[in-house]
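To start, the structure itself, in structure tokens.
No value in this document is a laboratory result; all are computed from the given coordinates. This is a predicted model, so every value here is computed, not measured. Ideal geometry is used to build each Cβ from the backbone, glycine not excepted, and the neighbour counts take in all protein chains shown.
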Amino acid sequence: MLRATLKSLLSRKLRLLLSGLAVVLAVMFVSGAFVLSDTLGRTFDSLFTNAYDNTDIQVQAKPKVDVDGDGQGAVPANIESTVVGKVAAVPGVAKATGLVLAEGARVVGHNGKVVGGASPSPRFGVNWAGEDELMSLREGRGPRTSGEVAINAGLAKTGDLTVGEQVGVLTLEAKKTFTVVGIFGYTGGRDSVGGEQTVAFTEPVAQQLMLGATGVYNVIDVKVTDERDLTKVRDALRTQLGAAYQVDTGEDLAKKQADNLKQVLSFITYILLGFAGVALLVGVFLILNTFSIIVAQRTRELALLRAMGASRGQMIGSVMVEATVIGVVSWLVGLALGVGIGWLGGFLVAKLSGDLEVASLGVPPAAWIVSFVVGVGVTILAALLPAFQASRVPPVAAMRQANTADRPLTRLTVAGAVLLLAGSGSLVYGLSGKAGGNTIWWVVGGVFVDFIAVALLTPLLGQPVVSLLGRLFSWSVPGKLGRLNSGRNPRRTAITAAAMMISIALVTGISTIFSSVDESIGKVLDKQIQADLIIAGQQTSAIPPSIDPAALRQVRAMPAVDAVAAEAYDAVLVDGKQRFVGAFDDQAAASRVLRLKATNGRVDRLGAGELLIDESTAKDRKWKAGDTVAAQLSRGEPRQFRITGVFANSGGGGGMIMSWQDATTGFRTATATQAFVKLRPGADATSAKRDIDMVLKDSPEVNVSTRSEWIGNQLKIFTFALFMVQVLLFVAMLIAILGIINTLVLSVLERTRELGMLRAIGLRRGRTMWMITVESVVISLFGALLGITVGAGLGAAVVRALKDKGITELSLPWGLMATYVIGGAVVGVVAAIIPAIRAARLNVLNAIAYE
């Protein structure tokens, strides 16, 4: 029996190839995701280990406000110089050196913009402490006066900067000009460490510009007398300095930095696993359909085996052996491709992250274990139902026509209806807000069950819909035959169309949600923001872009300008909870330009120690005008603030606003990061924009844009998300194409004799190809239309549930939906090429004699 099964399998190589391709894609994405994550993890482990290789112990003061919870984006807390002596006195410490090492030194290049542009690479400002084990000069010397700086080789190459030229540097203060007197590199011939840009000032200048005061540091570098006592000295320092300080060994720091970066890079892994999930979901239908057709076509062969004494168990085993062989072969091929793609992806990310040395190729256990479960396990599970169908073939079928009639759809319809009710109930419950922390599981579970339900109901829907679609092509005899063929076997047509349905339903649903969010936010911003022009930049690091105060004064003095509301924002702890708080240099102008409407108290003015909040915050925290709350800003000590007004929820101002006086002394930066400009009635916006652009030459991080341009920039994230959705659609459609090809090829084999008879009575090759193409296009269009309907319905349900979150507009992506339908037709044509050519090349006499 085993020999018969393997011989049957090897005699149908095309069937083996088509059945395995979907599994190959799913395994490739799964294994690729794990290999990519492992490669990048080891790459950055090595990077940070080398960066802290010469660090024994490092001491830092804990930040007052920790933006990300890991200290990475926080304002560095200052350490008084007396603490350096205190650290040096701890037994086991050989030397303690105070350092300035803070992010925020941005060099202005020859084009007037910040070097590196939108690159997320950190830009450090440090005090020049001379050459050491990590850093050495390549050109020039270290800075000696307040007007001199040294820069690392990576920054010099990126900005095409040389020793002797003058550069502008943005820090906590407005742009200042310095002379480059030295260029330094790092051990191992590196120009930078992970792509960072570093500017070294003299110590007093570094302290003032990066920390806001002289005589202070934010890092203490500690050398120990005996490295064997490293942990002991670290623990002694922690005891001596107390909970206000963070004391870590170089190994601790390397691990923290690598772990933080791995969390960010895990996003890439999740994307690849998402693609794998879609490939797997669609692939299950392809495998199920393939084995169902195989069993139907082998009815006579299986019946003969039963008549010769094969048991039902052997029939099931025969199909399962075939499934296992396909699963194992597909797993091995997919794993090999996934390892290659994962390592290549890691190589590209490493090179784009500062030309890092990528780790050697490695396959983590999770890559082959999970991919094996996906590849082999899913294939076997998908083949179980067809295997049981094979075991039910009676021996008497060997004496009848090989193909069996399609069975009634009653059971499928009932099962689909029950699952549809269950999935919809789960979805409604999850979106009702009553599920608490399990909302996402109820929603995802409901969507998954609904997909299965629609797939089960597809045969019932397929008969009338396929007949209607087929009439579009019934103007010729081949078109009529193609329509009839597509509706001949509702189960087969439904399972094939289900692959297309799921892929298009997913992207249509996601596109509907993103389109609605885009429309809702855009309408709110357009209604609330009354500014004609907006001065803003893109934040690419922990330091927000800044506008030169002198430039703002010039803008306000322009005859065409009516009002300017310049805003700064920062993370603030309010009653122990982190919030982003804004501040305007002209609160009266801000309330007018941003249409801040008071619902309690006043919103047109603010003094020191006063705070405004929006309705949502007031409701959430049960606050009102007159209440007092405690707040810790990035700089300074905790203070009490009095709420003087509550304003209606809007697209401007954020959730909290404090006075400009408090912001300039307590925020991370004391300069405005964006400004809203209201022009006088009748003023020419184009001319005003051009004039403001000229004024902003000393603010290289920001640009001026119209209101519509600015709103478009705020919504770019959704454009990127939609792009990722289109990539997802491409992957899913690729598998859907395989499904249609598979169905049609096997269908052509099944109808060999019929096609021979048609050719014999005069159906030409071209018309035969047209008949197969019509069948393919009808199936593909059916799946596309069903997918659009299901996806739009699910997307609309999610949007409706998000109404209380501010998503008030339902916007269906009509253009994309039309594109998906056209794409469905194109997929049908492409999928028909191989089966149509195969059908057209049949030898007429051999086909007529085919059994």
**OP:** Pull up all non-local amide H partners of Asp532: gap of 5 or more, or a different chain, and H-to-H distance under 5 Å with H placed in the peptide plane.
**Re:** Val677, Lys678, Leu679
Subject >> Sorted by Cβ density within 10 Å, fewest first, the residues Asp548, Asp620 >> reply: Asp620, Asp548
Original post:
Taking H as built 1.01 Å from N, whose amide H comes closer than 5 Å to the amide H of Leu802, not counting residues under 5 places away?
Top reply: none
**OP:** Work out how much length Val477 to Thr145 would gain on full extension: take 0.36 nm times their residue separation and subtract the Cα-Cα distance, in nm to one decimal.
**Re:** 110.5 nm
Subject >> Relative contact order (%) - the range 58-250, alpha-carbon pairs under 8 angstrom, separation at least six >> reply: 32
Original post:
Mind listing P(r) for the range 547-698? All alpha-carbon pairs, 10 Å bins, whole percents.
Top reply: 11, 40, 31, 14, 4
Original post:
According to the square roots a ≥ b ≥ c of the eigenvalues of the Cα gyration tensor, what is the shape class of the range 58-250, taking rounded for a/c under 1.5, prolate for a/b larger than b/c otherwise, and oblate for the remainder?
Top reply: prolate
Original post:
Given that compact globular proteins tend to follow 2.2 N^0.38 Å, what is the ratio of the alpha-carbon Rg of the range 86-194 to that value?
Top reply: 1.16
Subject >> Square roots of five times the Cα gyration tensor eigenvalues for the range 146-220, Å >> reply: 21, 16, 10
**OP:** Provide the per-residue ³J(HN,Hα) series for the range 197-204, in order, calculated from phi with Karplus coefficients 6.51, -1.76, 1.60 and θ = phi - 60°, each as a whole number of Hz, with x at glycine and proline positions.
**Re:** 10, 10, 10, 9, 9, 5, 4, x
Original post:
Going by how many other Cβ atoms sit within 10 Å of their own, how do Trp331, Trp660 line up, fewest first?
Top reply: Trp660, Trp331
**OP:** Between Asp226 and Gln538, take the C-beta separation as r, use R0 = 35 Å, and let me know the FRET efficiency to the nearest 0.05.
**Re:** 0.10
**OP:** Note down the magnitude of the dipole of the range 547-698 about its Cα centre, charges +1 on Lys and Arg C-beta and -1 on Asp and Glu C-beta and zero elsewhere, to the nearest 20 debye.
**Re:** 320
Subject >> Neighbourhood net charge (12 Å Cβ-Cβ; Lys/Arg +1, Asp/Glu -1) for Ser811 >> reply: -2
Subject >> Local electrostatic count at Asp684 - Lys and Arg +1, Asp and Glu -1, tallied over other residues with Cβ under 13 Å >> reply: +1
**OP:** Looking at the range 547-698, send over the antiparallel percent of its DSSP beta bridges, to the nearest 5.
**Re:** 80
Original post:
Listing Phe201, Phe124, Phe388 from the residue with the fewest other Cβ atoms within 10 Å to the one with the most, what is the order?
Top reply: Phe388, Phe124, Phe201
Original post:
Which far-off residues, 5 or more places away or on another chain, put their amide H under 5 Å from the one on Asn152, with H placed in the peptide plane?
Top reply: Phe184, Thr198
